[in-house]
Structures are given as C-alpha cells and as structure tokens.
Amino acid sequence: LSRSLADAAEAGPPHLVARTPGADVALLAAAIAVPPRGRPRRPIEVTAAESFYLGALDQTMRGVTFGSTPATGPEGVVIDGTGADLLLVAVGYTHADPAPALVYGGRRLRYVEGFDADLEETGRFRLAILADPPAGPNLLEAAAEDRFVGIVTLTAVALSGVTGCIEARTAVVSTDATTRIPLEDTHIDSLLLGFVFNPWGAGAGFTASGWDRPAEAVGEHAGARLFTHRGGGRIGFDLVRDTAYSAQFILALELTAAVEDQGSGRIAAEAALPAPVTAAVAAGLTSRRLAPAGQSWNVYWESWFDIPADYDDPAAIDAMRLMRVPNGTARVFLHTAKPRCSYAGPDDRLDQTGGLPIPCTGRQLRRVLDRFRRRHPETRLILVVMQYGEEWMPEPYHPDGFGGQTEADMAALRRMVDDLGLDGVDVDYECISELPGLEHHCRTDETGRRVCYTDTELVTVIKRFRRWFPRDLGYELGWAGMHVGCFGEPPFAMASPVGGGWNGGYALALARDPEARAALDYINIMTYDAGLDYEPMVAYDAYRHWFPDTALHIGLRVGPPEWGFTPPHTDTGARRSLDDMRAYLNHVLFRQGAGAFLYGWNWDAAEPSAATYSPTARYGEAYPDAAITAATALDMFGLDGVIRLPFRPAVDRVVTVEVQAADLAATPGRPRLAAAWAALPWATLPPENGGAENGVHGNGAGTSDGRVPVVVLRYTDKAFATVPDDQPASTWFDPRGAVPLVIERSMPIAPESRDRAILQVGRIDLINADGALDQLPDVYDVARRRVVVRAGHRDVAGARHRDFALLFDGVGDELTGTRNAVALTVQGMAGLLDRPLTTRLYAEHPAIEVSPDLIGKRMPLGFGRLRNVEPVAVAPALGILQLSARRIQAVHAVYDRGLPIDPSGQDVADLAALAALEVPPGHFATCLAEGLIRLGTTPPVGVVTVDFDGDAEGGFVSDTAGIVRRIMLDFASLPADRLDPAGFAAIAADCPGVIGWWQGSDGTATAGEAASEILRGINGWWGEDGTGRIGIGMIRAPAATPALVIDPTMILEAPERLEMPGSTARAAWRRRVNHTRNWRPLTASDLPPSDVETALDRSFAAETWRVASAADLGVLVGRAAAQDVEPVDSWFGTAADAEAHARRLLDLYGRPGLMISLAIPALLAEELTPAGDIRFVRPVRIGATVRVIHPRYGLAQGRDMVVIATSEQWDRGRLVLTLWAPNLQDEQVA
C-alpha cells in the first residue's frame, strides 16, 4: 500500500458491493489491489498494536487524544510507528456521521471508502490508513467534525513489510453469538487481521480459536479488539461472544507484500484500482492450481462391506471393491481388528479370533492381499485396531477393549500382521462414552489444563504398540485421532463446538509425552462427525499446533450424512460437498501437510444414500461418493498424472525471448589448423566452428569457446523487467516481439513413414520500424546459438521470470532483416543431429596401402547384431577388411562364397599390428578395437561376408533404445543432460529385442537420419517438444490417464476431421514386418554349386528379409476392402520380436482411427509451489494423451487421443492440436 494508492482511494470510492441496510447481517467487500499470488518480498509483521476507547466525543471536542478511558488530560495515547510501512486504524462509533478526523504525528489519516459497515441506530465501522507513518512514538489524535455525537473506539496496528496490496475479505454486522467467517485460499505468507467493534456491549467477551489477540480495549459502553492469524489455505475466523448483546462489527483483512516495483519498495504511482475483490477473487482463484509437495492419499477399507462370493475364486476376488482402489493410493487401512485378539495362525477364522469382521481365514485373506499387491505394488497395507461390538459403548477403557489388552493380545496381533504381510498398524483409540459423568470424559482443571480419564491409558497403548511393532523392523504406527482431540486449551480453547465438548483435548496427553509423540509415524485426524459448527481445517491446525513434527492426514468422510440426519436433503447435517473437500485438500497443500485419507471406500456402495440425501438424487459435486472424492484428491495431490487446466481466458500474458549471439564485431580471427585435415592418418572432417564442441554454443555472457564473445539479446512482446531476486536479475526485456513465437511440431503416424523426427521450425519477428535493429544481422551470429522462449502472466503479482513456462529451448538459424522487422528463424535441438553420422574418412596410412577407391570415403559403422555384412576392403593385397569404424564386440562367423573361414584366435590392438600379423591360410584374425579383420588367404575366392556384433565403444549395446542413445551421445555429440531418460527407459522396457543396423562406406546418413531409420523399425519417433531435451518414443494407443481434459468451453473452433495418412487410412486385416536383415544378399553365382554344402543357409542368403505377420480375420467382417498391407522394415533379429511388432501395428491400425484438428487458447496453468512462488506450466506436449469432449465425431462422452502435431501461435494466443486415436474396438464415430 502506498501514498499514491491512498490518494486514489481518497479521491473516489473504490468498487463497492451494495450493502443491505437494516439487515441482521450485512456483507460487503472491496479491494484496492488484486488478490496476492506470488511470494511476498519479506514477511509482514505487526510492529505495534493498540486498542483505545473514548466514552463520548462531540463537536465541541477538537484535537483531543484518545486514551483507554475518556480523555481527561494531556497525556494522550501513543503508538510507535518505528519500522512501519503502514498504519491501519479501525474506527468504531455510534450514532451520527461523519467519522472523527484522525491525525498521527502531524499527518492526517485517510478513510478508505468501501472498507466500512453500518447498522442503523447501532453504529458504524470504518478503516483509516496512513502509509509511511512517522517513526518513533507519536500521538494519535482525534477531532470531532460538525454534527458528530457518539461513543468511539479505535484499534491501531502498525505493520512492516506491506509493500504490495491489501484485500478486504469481509465486513460484517452480526447479531449472532457465534459468527463464522471462512477466509478461502489465503496466501501462504499473508497476514490476516480481524477487527471487532461491539457498541453498547462493553462487558462482552470475544474469542477466536487459533487467532492471537494482540490488542483489546473495553470501556463503559463499547469494546474493540484486534485478532491476527498467519495465512495459508482456508482459515476460519470463528468469533464467539459470551454475552447476549445486540451486535458486533467485524472487518477481516488479508495483507500481502508482493513485489510490485523495480526496487523502490513502493507500488508504482500509476497503479489503477482493479475490479472489486469479489470479482478479483473469482477470476484469480479459478486459475490457481496449488503445486503438491509429496502429499499422500490413503483409504480406509471397511472389510465387512466387501466380502467376495468365494475367497478361493480369483474371479470373485477380482470383483471386490478392494481391487478397485485407485492407483496412487499410498495406504489402505484394513478396518478393523479388535484390541483383544486370539489369532493363532493362518488357518484361524478372522471373525472368530478378533482379527477382522470377515468370514475367512488368515490364509484366504493373504491370497486376496497378494492379488491386490500385484496390482498396487506401491500401496502399503495397514491393520486398523479398534474396539467394536458390545464393548463399543462404553469405550475405549472397557475391559474387553484397550483397557483389558494383554501382552498375549499384542502377540496375536503381531502374528496376524506378519502372516498377512502387512506394513504396520493404525491404532483407532477413540474417547466416546455413553456414561454422563465427567469422570468418563474430559474437563478443564483449576489450572486451565485439559484432563481426560483416558490420558494414562492412551499414552500406554501407543507406547505398547510401538514396542510390539518397532520402527527399525519396518513397521508403521499410526493413530486415528478424534475430531476435537486437540481442542480445549488455548489457542483452541473455544474452537467450535465450544472447547470440543466432553471429549475435547483427549489427544493432548499424547502431545505432552515426548516418547509417545515420537512413537507415531502419522496421525489420521477424523475431521468429521462433530456437528454443524465444526470446522475441519481449524481442527487440522489444532493438531498441527500440538503435533508440529508428526505427519498429519486430514479426513474426508463419505457415506450417509453425519450424525444420522434424516431427509429431506436440506437437513443433511455436516455432509461435505466436493467444494468442501477441495477446500480441505487445499488447506493441506497450503500447510504443506502430509496428506489426507478417505473414510471409507465401501460405505456408499454398500449403503447408497444419494437418492435420499443428494439434492440431485445422485452422487456428484453436491454429494460425492468415495470414487469421486478419491479422484479429486488424487488430482489435487498430483498422483493421477492429469492436468485439469483451470481456464482463465482474460490474462495479461507476456512472452520473453533470450538469444545468445556471437558478437562478430568483437570476434578475433580464427586460428588456422595445425595441419591439413586430409593429411592426417585416418583423417576426420575438420572440427566444426573452429574447434567448439558440436551442439549448442554458449550458456550465458562471456565466450563460448574461449575466443568468441557471446552476448545475450533479450526481447519480449510487452514491456517487462525482472526484479533483483529473479533470474536474470534486474534485467530489461526490449518489447519488440511482434510475433514472439510461432512453432510447428509433428510426429509420424503411418508406420511406413521414413521421417521419424519431431522437427521444430519456428520464427520470431522483432519490430524494427525505428531502424534500431538494422545492424543486428550483420553484427551478431545466431547459428546454433541457444534461443530460449518463456511465457508467464504479468497480472500475477510476485511472478518471477525464472518460473515462467518454457515454450522453446533450441538454437537459432539466421537473422534476416526487412524495412520494418527482423526475423529470427529457430530450430529445435533435434537440428543438432543434422550432421554426418560419422566424420571419419579414409586417407593415406603409413602402415598399409589403402585402396585408392576408398580415399575420401566414409568408414562403415555397425550397431547391434548383424548378419551377412560385406566388409569394406581397406587393403585388398593384405586381406584387411573393415566392418565398423570403432571398436566392435565380436566376430561370430566369416564366409567366403558362403563357406566358413575359421577363426585363428588372434586379436591385436591396432591396424599396424594387424598389418604385421601372419594369419594362417583359411583362417581370419581380428582387430576388434578398430573394427577390422584380416584374411589368411588372399585374395578370397568370392564374396566375403561376416556375422558380427557391432559398436562396443564404451560397452556393447544391441537394443533400439541403447543404439539410438549411442548415436546421439557419441556421433551427434549431444550432452547427456540433453536426453530425456524417461523415453529411452520406456523403449528399453517395451522393445528389448536385439536389433542390427549397418551403414557401408557409401552411406551418407546423418545422425538424425540414422536415428529415424532405426526407430522406424519399431514405429518410433525421436525429437523434442521445446524443453531442450531430446527423447524417443513409440506410436502408442492413448495412455490410461490423460494429461489434459479439453471440453467445449476450451475449444475455439469446432474440430475438423482429417484424413488418416498412408496405410492407416483403410482397415487392414494383416500386418507384416520384415526382420533379420541379410545385409548382402547372394545370387546363385555368388555361392558354390548347389551340391556343395554351405555354412550360410542358401534360402537366407538369397533374400534381403525374413517376414513375420499378424492377422485379425474379424476385421474383414463388413469390410470387404480391408487390406493386406505391404511389409514394413524392422531391424529385429528374431521372428518372435517381429511378430510382436506386427501385432502392435495391427492393434493400432487394423481398424480405421480418428484424426482431428482443433484450436484451444494458448493456456498456461498457474501452480502455487510450497515455497509460495507461482510456477507457470504448459498444459500439453506432443505425444501426450488428452481427453476431448465435444458433440461431434463420437466425442460426446469424451475420447482419449494422442497429440501428434502442434502449432503454437503465441502471437494469436492459440494452440492448434492435431489429435489421433486408434479404433481399438470398432467404435462408432458419428
């Protein structure tokens, strides 16, 4: 808040929500800045706070000072403004306007219109402000205006760190003894202030659970109070009045300290007043997605509701609801065993020994749980121990409950946990007695301490369970704490229901015992079943206060309404809507809590209640069931992999461009090479770029290779500058980006397509109407220099450039200029593979006479396991032949006209040694280190062919992923951190089969072409999507979980159906795949006469490929024109791998699929990180799965599709997607 903002507020009222005069409760809200989104510059602190009372003030009293009693002398009231950025004064007065004038340290305070409330014949409440108050103790003076007569209170608070914005949450006039104000989505580092004025009720006492009360004044006729609370999630301001006075005025504020300037620490002078807070909150909160930080989702499984027809039938077990617990669930709690347990072994009936209330043996349940684990290998299984049955009331200290538990009971529970293979125990020790006496409940003693009958036993039980289930043996120990377990003592002494009732505070005994508290791994807080006035988030904060180092899970309750409320649905008690559930989960995210749990998974299925209690008579937003609640929690905790992008169309987006360019004007001449490259032995091509590593040049200011100065050119499409703690710090971006980025990306679909690269070609247009960039193309070289494009939202306070979404991380191509613009063309990192696969050429060598026909040609390269390759004759006179330019793994066989040549067993270190070696006739020797062999008989009789394992420099690799990775790292010189490991790992797992690929001396493939050719063999692709990392993948059916849901509200234009490419356009009943490549087919004249037995199979030698196939005759039903598609090449060496690939192709393309194009806004998701920063996220990438919902093309119910092409048009704010989905089951497409 600044003086300029105060001036604007004084000049005219800000946006004001209409009040309702005379009503019992009148609500209004106003704002003088947008709601906070970013991390504050520094925390807001209360430097001083005072509440004052003046019994009466009239027009004859001018310039008087306030005191805690009516002013009678010159001593006055003093508040210290030292270190404060802002002085806020809440003024409460009765009867007539105008409000008294306020002066502090000789400066007049200004009233902010809109931050006020009034109730006729009762009083008025207003807020005054003073920015940059004078330092030191100063008098706060008041002067009555004409016509003013009334009783006055005021509360003054001096604040430091307020440099950004202030938001009014609510201004309320309430006659209720308890006024509940939920403050939604407060900033994690904001400060909340609650001002309270009660006219005509001086003796009333007020409490607000969980809030501090730094100032209070009570006079003869009125009172004033200040409450404070740190922000973070949904905070309940529950104000409780202990006497029956008529009304109280309440003003709740949220203050943040978002950086709004470029170093001055004050808001810009031209800052305009935005929309009212109600609109601003609605616009802002829908765009915020809180970033999870490792929260877990847990589920209670009510075993008695999920009994299979036959515990020994796998089909019956698979039909259990337990098996449908969603992936991403961290724990399933098996509910429930008894504290008194006699279980002796796996053949005992669990329901007869106190195990679980289900009619099976331990052995039978173990089979169920083993089957569950195979589907949910990451989910831990925990046994719940809780008294139930006849001993439920009174409990838990009944002799048949925890009160009678023995060591023998504990041994039986331990035996059962081990037999079932469980991971730990959850102790559900509650405190609910049907007996009325306080001796069976909790009370507050004369010292204010909460004392419960169960204190000693609860602590004993927890320690006992930890002793029997020690942490060092891997057992978890949790405790299910009751809803009001941490109420009853300050600061939650008056939390609703007031004090927690009879059982409030029973958890405090655990909190006070360090050993018992440390024994717990987590607490499941049963934040439900406590009545209409109960606020789960207050309870969560209470547990957080008393158990600061324990993992806490908030509870989400489904099933019938709480406390057994009866129809109609308007009287369903505290049943929580999905909005409530989201608020609780958001609270955990804001608090960086451990997670949440569901009670329970089976209740709604076993006892459906939606028809009776839901306002829509079904489960949904207003009345969620277990599945809906679990899906919501998994989504919000980031455990389902889905981005449900909040749609915020009206944003102030900014796109930044950073170009690392060589400064040609400052570049010295390049040094000459020490020798002509052609004269070097086994010469390579000259080093590119004067010796710099192939790849991206430059990572910042300075030089890229020690000689070439590099500068960073920064542009944007709107005025933008970074702040001192950003990256880069305090940097101006020149707003010249007329077209900040247009980028095209696409991946192949048809399996016969030879181009398997996701190539990025883009353009950035810079405005040059003033001619300031005329010399840019001449002065700077951008070829293969890094170009980074990011985007964020300028209208998000506190946003940092370092947290902008990465749109493109690639390299420049060239700068070209016209009269009014300079165009920068860019390409992705994939362009770095556009270089020869090998730069090693044949040249003269001192040790041998190289065949003149080879001079200047490239050396061959072989990867994986290769069959029947004709090596290159390097030195025919010596019988020296080359298979590959680098180290190879092994030579398995050498043939001359198909007849075997025996190995001599000789292997030497280099070419010179091989040339000097004597090889016995009819044999061959090897130089594996340089990919060479030498024949003992020269010249050979006919065509020499070889079976060998190829490139082994750094280790032998023979699968598709390994070979492509080798090419990218070793032959394209990409840094390892430029490869996306996830894609390589997925291909290695899905296509582990051995392959072989070879290029002879006449080959001209680039590294990128070689990668494409190899990946074509698995219907794969390679490339990158703007992140600067290159990955590989296969064309697959859509993933089980979409990365984005696109509904009609997001689609800018109706989808257009596109024609499927190539062989995918028509149905195919059979797919064929070539495999086991014969790299040198031999004719009959190349082989001995047919009566001579050869080591090389004649049928194999005559053909280039062997062929595998997969067929589906069902495709022919109704499709007379279904095709038998021509074979596609693969590099697999076995028929089994090729048949599996043919089956994959048939599954994907056997039936015609659907391909559409649609446009959506170029959206960025906004995530709030645990640190309080805003992070911007691109919603979708190429290769991702999205779910499309639209009335046309059979999409009405939603269909998962793969993103195969994108056109990012950031100048127009749109993203055009090409989407494809296979037809796996003859789907009907409208």
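Listing for the model above:
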| quantity | calculated |
| --- | --- |
| Given (1) within 32 Å of the chain's Cα centre (by Cα); (2) modelled with pLDDT of 90 or more; (3) surrounded by fewer than 20 Cβ atoms within 10 Å (Cβ to Cβ); (4) not polar (S, T, N, Q), number of the condition residue 1000 does not satisfy | (1) |
| Unmet criterion (only one of (1) out of contact with any Phe, Trp or Tyr (no Cβ under 6 Å at 6 or more places or on another chain); (2) modelled with pLDDT of 80 or more; (3) of a type in the set (S, T, N, Q)) for residue 175 | (2) |
| Meets criteria (surrounded by fewer than 24 Cβ atoms within 10 Å (Cβ to Cβ), over 24 Å from residue 593 (Cα atoms) and at pLDDT 95 or above) for residue 464 | yes |
| Count - residues of region 475-518 that are over 30 Å from residue 416 (Cβ atoms) and of a type in the set (Lys, Arg) | 1 |
| All positions within region 997-1013 that are charged (D, E, K, R) and either outside any loop (DSSP other than H, G, I, E, B) or touching a Lys or Arg at 6+ places or on another chain (Cβ under 6 Å) (or both) | 1009, 1013 |
| Residues satisfying the stated conditions in region 1004-1033, i.e. of a type in the set (Ser, Thr, Tyr) and either closer than 20 Å to residue 1129 by Cβ or buried (at least 24 other Cβ atoms within 10 Å of the Cβ) (or both) | 1004, 1006, 1012 |
| Number of positions in region 506-560 that are at pLDDT 90 or above, in contact with a helix residue (DSSP H, G or I) (Cβ under 8 Å, 6 or more places away or on another chain) and of a type in the set (A, V, I, L, M) | 14 |
| Some residue of region 783-799 being touching a helix residue (DSSP H, G or I) at 6+ places or on another chain (Cβ under 8 Å) and part of a strand (DSSP E or B) | yes |
| Unique residue being of a type outside the set (Gly, Ala, Ser) and either within 30 Å of residue 857 (Cα to Cα) or touching a residue at least 40 places away in the same chain (Cβ under 8 Å) (or both) when the list is 838, 816 | 838 |
| Failed item, numbered, when residue 438 is tested on (1) of a type in the set (A, V, I, L, M, F, W, C); (2) over 30 Å from residue 298 (Cα atoms); (3) touching a Leu at 6+ places or on another chain (Cβ under 8 Å) | (3) |
| Considering residues of region 1110-1122 that are among the small types (Gly, Ala, Ser) and buried (at least 17 other Cβ atoms within 10 Å of the Cβ) only, the residue farthest from the chain's Cα centre (by Cα) | 1122 |
| Members of region 1014-1037 that are hydrophobic (A, V, I, L, M, F, W, C) and assigned to a strand (DSSP E or B) | 1021, 1022, 1030, 1032, 1034 |
| Residue satisfying all of: in region 817-845; touching a helix residue (DSSP H, G or I) at 6+ places or on another chain (Cβ under 6 Å) and in a strand (DSSP E or B); surrounded by the most Cβ atoms within 10 Å (Cβ to Cβ) among these | 822 |
| Neighbours by Cβ (under 7 Å, 6+ apart or cross-chain): first from region 450-472, assigned by TED's automatic domain parsing to the domain that holds residue 341 and aromatic (Phe, Trp, Tyr); second part of a strand (DSSP E or B) and buried (at least 19 other Cβ atoms within 10 Å of the Cβ) | 465/425; 465/427; 465/477; 469/424; 469/425; 469/477 |
| Those residues of region 500-533 which are surrounded by 21 or more Cβ atoms within 10 Å (Cβ to Cβ) and assigned to a loop (DSSP other than H, G, I, E, B), in sequence order | 504, 505, 506, 507, 520, 526, 527, 528, 530 |
| Lone unmet requirement of (1) closer than 29 Å to residue 1018 by Cα; (2) not in a loop (DSSP other than H, G, I, E, B) for residue 905 | (1) |
| Condition check for residue 809: charged (D, E, K, R), over 30 Å from the mean Cα position of the chain (by Cα) and in a strand (DSSP E or B) | no |
| Failed condition for residue 769, given (1) of a type in the set (A, V, I, L, M, F, W, C); (2) more than 20 Å from residue 1205 (Cα to Cα); (3) not in a loop (DSSP other than H, G, I, E, B) | (3) |
| Qualifying residue in region 805-821 (condition: of a type in the set (Phe, Trp, Tyr) and farther than 30 Å from residue 255 by Cα) | yes |
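Residues checked against (1) in contact (Cβ under 8 Å) with a residue 40 or more places away in the chain; (2) surrounded by fewer than 19 Cβ atoms within 10 Å (Cβ to Cβ); (3) in the same structural domain as residue 712 (by TED's automatic domain parsing):
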residue: 747; (1), (2), (3): yes, no, yes
residue: 751; (1), (2), (3): yes, no, yes
residue: 769; (1), (2), (3): yes, yes, yes
residue: 780; (1), (2), (3): yes, no, yes
residue: 783; (1), (2), (3): no, yes, yes
residue: 792; (1), (2), (3): yes, no, yes
residue: 801; (1), (2), (3): yes, no, yes
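The values are calculated or read from the model by the stated rules, or taken from the named source; none is laboratory data. The structure displayed is predicted, hence computed values, not measured ones. Every residue, glycine as well, gets a Cβ built from its backbone with ideal geometry; the counts of neighbours run over all protein chains shown.
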